[in-house]
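Heads up: the structure comes next, in structure tokens.
The values are calculated or read from the model by the stated rules, or taken from the named source; none is laboratory data. Here the structure is a predicted model, which is why all the values come from computation and not from measurement. Positions of Cβ are backbone-derived with ideal geometry, glycine not excepted, and every protein chain shown enters the neighbour counts.
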Amino acid sequence: MSEAEDNLPTTERSERIRFFLQNLAKGLVWLTVIVGGYFYLKQHFNFTLEDVLGSFYDRPDIIFSIFFVSEAVFGIIPPELFMLWSLRDEVLKLYILNVTALASISYMAGVMGYFIGSHFSTTKIYRLLRRNYLGRLDKHLNRFGGFLIIVAAWTPLPFSGVCMLIGAVKYPAKRFLIISLSRFLRYATYAAIIWEANILQ
């Protein structure tokens, strides 16, 4: 973050922390509901993702493509479901590789969003997107600036959508790329929780 952001008044810093924790709590609730619900259905009703995905279940190329589209259009499918799919072999090394691939795809979708925002913010299509899908994020961007990148990287806020807005206001690209790496920390944390839940169930 910039030097100005490091020297925020205490009240503004507290507001940012509160906003982050509120959204993080929402993410943890979703994680609990999705993962807990999945393992409950699996244990009591023999429900598996293989039943839902059919022939796609053993096609990582298709799964990763679906995930990329989901992330590019503001995370319409919760990434936790893809992490659960990554458990299919129950081999830790493969699980780590799959989750790393998911995190990389999500990061790239965010970079693509930043590129779109920075290069096409004056187009009619972008203005339509901003008005219809990104409008509710505008007020957060005005309040928190670049800090919103960290919040979106860790919480259910649409990561690529926030990146698009960040690009549109010409936030420094190098700083954006570095801060956005926190997306990998989110995936690593959630993946560890899901792995442990799988062992315990």
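Going through (1) free of Cβ contacts under 8 Å to residues at least 24 places away in the same chain; (2) closer than 26 Å to MET108 by Cβ; (3) surrounded by 15 or more Cβ atoms within 10 Å (Cβ to Cβ) one by one, ARG59 falls short only on (3). Scanning region 117-125 turns up no residue that is at negative phi and within 14 Å of the chain's Cα centre (by Cα).
Hey, does region 139-146 have a residue that's closer than 27 Å to LEU28 by Cβ, basic (Lys, Arg) and surrounded by fewer than 19 Cβ atoms within 10 Å (Cβ to Cβ)? The answer is yes; a qualifying residue exists. Scanning region 150-177 for residues that are surrounded by fewer than 16 Cβ atoms within 10 Å (Cβ to Cβ) and either in contact with a strand residue (DSSP E or B) (Cβ under 6 Å, 6 or more places away or on another chain) or of a type in the set (A, V, I, L, M, F, W, C) (or both) turns up VAL169, ALA173, LEU177. The numbered conditions (1) surrounded by fewer than 18 Cβ atoms within 10 Å (Cβ to Cβ); (2) in contact with a helix residue (DSSP H, G or I) (Cβ under 7 Å, 6 or more places away or on another chain); (3) touching a residue at least 24 places away in the same chain (Cβ under 8 Å) are all true for SER180 except (1). What do you reckon, is ALA168 closer than 27 Å to PRO9 by Cα and within 18 Å of the chain's Cα centre (by Cα)? So ALA168 does not fit the description; no.
Could you identify the single residue in LEU21, LEU53 that is modelled with pLDDT of 95 or more and of a type in the set (A, V, I, L, M)?
Working: LEU53 fails: modelled with pLDDT of 95 or more.
Unique residue meeting the criteria: LEU21.
For LEU102, the criteria (1) surrounded by fewer than 16 Cβ atoms within 10 Å (Cβ to Cβ); (2) under 30 Å from ASP51 (Cβ atoms) hold in every case but one, which is (1). When region 70-99 is limited to residues that are within 13 Å of the chain's Cα centre (by Cα) and free of Cβ contacts under 8 Å to residues at least 24 places away in the same chain, the one that is surrounded by the fewest Cβ atoms within 10 Å (Cβ to Cβ) turns out to be ILE76. Among the residues examined, SER65 does not qualify as surrounded by 15 or more Cβ atoms within 10 Å (Cβ to Cβ), modelled with pLDDT of 95 or more and not aromatic (Phe, Trp, Tyr). Is it true that some residue in region 184-201 is surrounded by 21 or more Cβ atoms within 10 Å (Cβ to Cβ) and closer than 18 Å to VAL73 by Cβ? No, that holds for no residue.
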